[in-house]
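The values are calculated or read from the model by the stated rules, or taken from the named source; none is laboratory data. In this text the structure is predicted, and so the values were computed from the model without any measurement. Here the Cβ positions follow ideal geometry from the backbone for every residue, glycine too, while neighbour counts run over all protein chains shown.
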Amino acid sequence: MATGSRRFAPPLHPPMQHPSLVRSAVTAGIWTLAGHGSSQVLRLLGNLLLTRLLAPESFGVMSIATVVSVGVVMFSDLGLRQVIVRSNRASDPVFVNTVWTLQFLQGLAVASLLLLIAGGVAYAQHAGRIPADSTYASKDLPLLIAGLSFGAVLAGLESTRLATAEKDMLLRPVVLIELGSQAAGLLATCAAALVHPSIFVLLLGAIVSGAIKVGASHLLASGIRNRLHFSWPVVREVCRISNWIVLSSALTFLAGNIDKLFLAWLLGSHTMGQFAIAALLVGALTDVVARISSRVAFPALTKAYERDALGLARTYYRVRIPTDAFCLVLAAFLFWFGRDVVRILYDNRYEQAGEFLHILAIALVGSRYSVVPYMYLLLGRPGLMAAEQAFRLTGSVFAIGLGYRLLGTTGAAWGVALGQLSGSLAGLLLFQPRLRLLSVRRELVALALFVGVFGLFGFASH
């Protein structure tokens with residue numbers, strides 16, 4: 001694996017020529033799409049049922065508890081899955097078990113921090129430091145954050161067999177385990193909600209899903225059996241890779257969730273619940289692209305780079321073709337028809353979510369660059385991952401603040417959508433040219449596609 005700041009000349013040879021690599025990438029892509037599509041169907045069905053059993057306020061408060069939990073995880077993220085996928089020592093028990101031990105310790109640290117945060121929120125509420133009309137004022141919030149600490153411990157126990165399967169692009173067991181655990185958690189949530197409609201059924205489902213995934217990862221996936229082990233050389237290797245990943249993950253979290261953190265302070269839990277529903281629908285689509293980027297594109301690009309480094313730029317644009325089409329078409333569709341989608345799926349209590357969805361759809365335009373941070377990591381430039389997220393965070397803070405000042409809640413939503421594009425724009429104009437990854441012609445073709453589809457849907461909507 002080459003590292004450093006090596007620049008790449010225009011490709012001289014067609015990439016991904018090796019038949020087994022192409023076959024593996026196609027198979028992995030099929031499993032990823034099938035698995036994630038099924039996952040999103042389950043998620044949507046569960047959401048449609050639960051929105052009829054629970055009040056909008058429940059989704060607003062739970063979304064903030066989840067953001068806090070994810071934030072602590074990402075601020076302590078060592079990029080251990082990426083380390084395994086990137087490393088050529090993924091079949092070495094010493095390496096793998098040291099990584100698993102670090103993962104377990106990380107889970108304990110995250111759980112401890114969540115308990116401290118829950119206590120801090122409860123104290124702030126009791127001391128009157130939080131506005132009464134803010135989502136943060138909900139008495140359920142500290143209990144939910146504390147409950148999610150158990151999920152962090154479970155995540156730390158997850159087997160590394162899933163990561164090694166991703167490295168080898170053998171995604172069948174990974175997808176089946178994730179779908180099974182998700183379905184079990186959803187069944188537990190819905191059953192509990194039917195008996196006792198409460199916000200805490202959402203917490204129950206998350207814990208049940210996490211517990212089943214951990215057990216299945218150890219019992220059903222094949223690979224090295226995990227046990228506690230510690231090797232300082234492995235730790236040093238992980239730290240060399242993880243230094244920038246920690247910063248990048250923290251910035252990624254802030255850039256991707258500053259909207260919820262900011263709006264939750266300004267808005268009550270009812271309006272926050274409306275925003276959470278719209279964000280869930282857009283997030284379901286961006287998750288598809290992120291999953292393909294991490295599980296298919298990144299391993300495929302890694303193997304292609306090892307076989308033909310000069311063809312990397314061409315391979316990069318080839319793997320982006322389906323995600324570009326997916327993101328641009330759906331961004332245009334939801335901009336014009338997002339309100340109608342919400343009217344069809346939800347009852348009239350959630351009408352405001354349609355307005356939010358119409359606006360947030362624009363963020364999908366930037367989601368097609370989800371594979372770019374993995375390119376930085378592959379080329380030994382993880383610092384660019386952090387830099388791009390810093391641009392996204394700065395752009396989001398500025399856009400949300402300005403939007404709210406000018407247009408209130410609607411303006412803040414526009415700030416969320418446009419702020420997410422700032423990091424992608426920085427990567428496109430500042431970083432990709434430095435690595436010889438930018439093709440102006442291909443970018444213009446994608447832009448022309450978006451303009452054409454946007455106009456077509458706009459005409460159809462009238």
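Here is how the numbers come out for the structure above:
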{"quantity": "Failed item in (1) assigned to a helix (DSSP H, G or I); (2) in contact (Cβ under 8 Å) with a residue 24 or more places away in the chain; (3) of a type in the set (G, A, S), with A399 passing the rest", "calculated": "(2)"}
{"quantity": "Candidate set: segment 104-161, residues that are without any contact (Cβ under 8 Å) to a residue 12 or more places away in the chain and not in a helix (DSSP H, G or I); chosen: the one surrounded by the most Cβ atoms within 10 Å (Cβ to Cβ)", "calculated": "I130"}
{"quantity": "Test result for S293, part of a helix (DSSP H, G or I), closer than 20 Å to L384 by Cβ, in contact with an Asp or Glu (Cβ under 8 Å, 6 or more places away or on another chain) and not aliphatic (A, V, I, L, M)", "calculated": "no"}
{"quantity": "Per-region count, segment 311-325, residues in contact (Cβ under 8 Å) with a residue 24 or more places away in the chain and either over 13 Å from L437 (Cβ atoms) or touching a strand residue (DSSP E or B) at 6+ places or on another chain (Cβ under 9 Å) (or both)", "calculated": "4"}
{"quantity": "First in segment 48-63 and closer than 11 Å to L141 by Cα and buried (at least 19 other Cβ atoms within 10 Å of the Cβ), second anywhere and modelled with pLDDT of 95 or more and of a type in the set (D, E, K, R), Cβ under 6 Å, 6 or more apart", "calculated": "V61/D140"}
{"quantity": "Only listed residue being at pLDDT below 95 and under 18 Å from the mean Cα position of the chain (by Cα), chosen from A412, A363", "calculated": "A363"}
{"quantity": "Residues that are in contact (Cβ under 8 Å) with a residue 12 or more places away in the chain and surrounded by fewer than 16 Cβ atoms within 10 Å (Cβ to Cβ), drawn from segment 240-254", "calculated": "N243"}
{"quantity": "Given (1) crowded, with 16+ Cβ neighbours inside 10 Å; (2) touching a Ser or Thr at 6+ places or on another chain (Cβ under 7 Å); (3) not aliphatic (A, V, I, L, M), index of the condition H229 fails", "calculated": "(1)"}
{"quantity": "Single match in V372, V397 (criterion: β-branched (V, I, T) and closer than 22 Å to D287 by Cα)", "calculated": "V372"}
{"quantity": "Segment 337-353 residues that are crowded, with 18+ Cβ neighbours inside 10 Å, paired with ones that are at pLDDT below 95 and not in a helix (DSSP H, G or I) (beta carbon under 9 Å, 6 or more apart)", "calculated": "A353/Y346"}
{"quantity": "Residue that is of a type outside the set (S, T, N, Q) and more than 30 Å from T271 (Cβ to Cβ), where the choices are A448, A390, A399, A417", "calculated": "A448"}
{"quantity": "Among residues of segment 165-212, those that are in contact with a Pro (Cβ under 7 Å, 6 or more places away or on another chain) and part of a helix (DSSP H, G or I), counted", "calculated": "3"}
{"quantity": "Where a residue in segment 166-180 is farther than 20 Å from K303 by Cα and its partner, wherever it lies, is of a type in the set (V, I, T) and at pLDDT 85 or above, with Cβ under 9 Å and at least six apart", "calculated": "I177/I212; G180/I212"}
{"quantity": "Selection count, segment 356-367, where residues are in contact with a Ser or Thr (Cβ under 7 Å, 6 or more places away or on another chain) and surrounded by fewer than 24 Cβ atoms within 10 Å (Cβ to Cβ)", "calculated": "1"}
{"quantity": "One residue from L429, L437, L425 being in a helix (DSSP H, G or I), touching a helix residue (DSSP H, G or I) at 6+ places or on another chain (Cβ under 9 Å) and under 29 Å from L379 (Cα atoms)", "calculated": "L425"}
{"quantity": "Every residue from segment 368-392 that is without any contact (Cβ under 8 Å) to a residue 60 or more places away in the chain and either surrounded by fewer than 23 Cβ atoms within 10 Å (Cβ to Cβ) or closer than 19 Å to W414 by Cα (or both)", "calculated": "A387, F391"}
